[in-house]
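Here is the structure we will look at, set down as structure tokens.
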């Protein structure tokens, strides 16, 4: 769909996003409040479908299918009247969670749609091996 849209000089949709991680304050932990990440998108045209994709790996920051199998789980999101959609992601107690939002758009004058995504984010946002030397 993307190639055909570019080849035929079709107007492509624009997708922007915001990402925030809730601050982990000690008083929130004491009340049992869990930490969350928030990911939202804004589109300049109405998407056909918006999906939040998430995967969990209890052992590391590797989310390849060969490592964790078919672990990517889709959650449909409903765009608002101004073409925004948002998802809330729970922070894992241990391990790592990866997530992104995918938006699918129709293209005027062609049958094929185009798909745009946010970058993939990982929480917690820390590198477990940053201080280990590479051999």
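The values are calculated or read from the model by the stated rules, or taken from the named source; none is laboratory data. The model shown is predicted, which means the values in this text are computed figures rather than measured ones. Every residue, glycine among them, receives a Cβ derived from its backbone with ideal geometry; neighbour counts consider all protein chains shown.
Looking only at segment 31-38, decide whether some residue is at pLDDT below 95, assigned to a loop (DSSP other than H, G, I, E, B), on the phi > 0 side of the Ramachandran plot and surrounded by fewer than 11 Cβ atoms within 10 Å (Cβ to Cβ). Yes; the residues of segment 31-38 include at least one that is at pLDDT below 95, assigned to a loop (DSSP other than H, G, I, E, B), on the phi > 0 side of the Ramachandran plot and surrounded by fewer than 11 Cβ atoms within 10 Å (Cβ to Cβ). Every condition in (1) modelled with pLDDT of 95 or more; (2) outside any loop (DSSP other than H, G, I, E, B) is met by residue 47 except one, and the failing one is (2).
Where strands (runs of 3 or more DSSP E) fall entirely within segment 66-119, those with at least 1 residues that are surrounded by fewer than 19 Cβ atoms within 10 Å (Cβ to Cβ) and in contact with a helix residue (DSSP H, G or I) (Cβ under 9 Å, 6 or more places away or on another chain) are at 114-117. Residue 48 meets all of the listed conditions (1) under 15 Å from residue 121 (Cβ atoms); (2) out of contact with any helix residue (DSSP H, G or I) (no Cβ under 7 Å at 6 or more places or on another chain) but one, namely (1).
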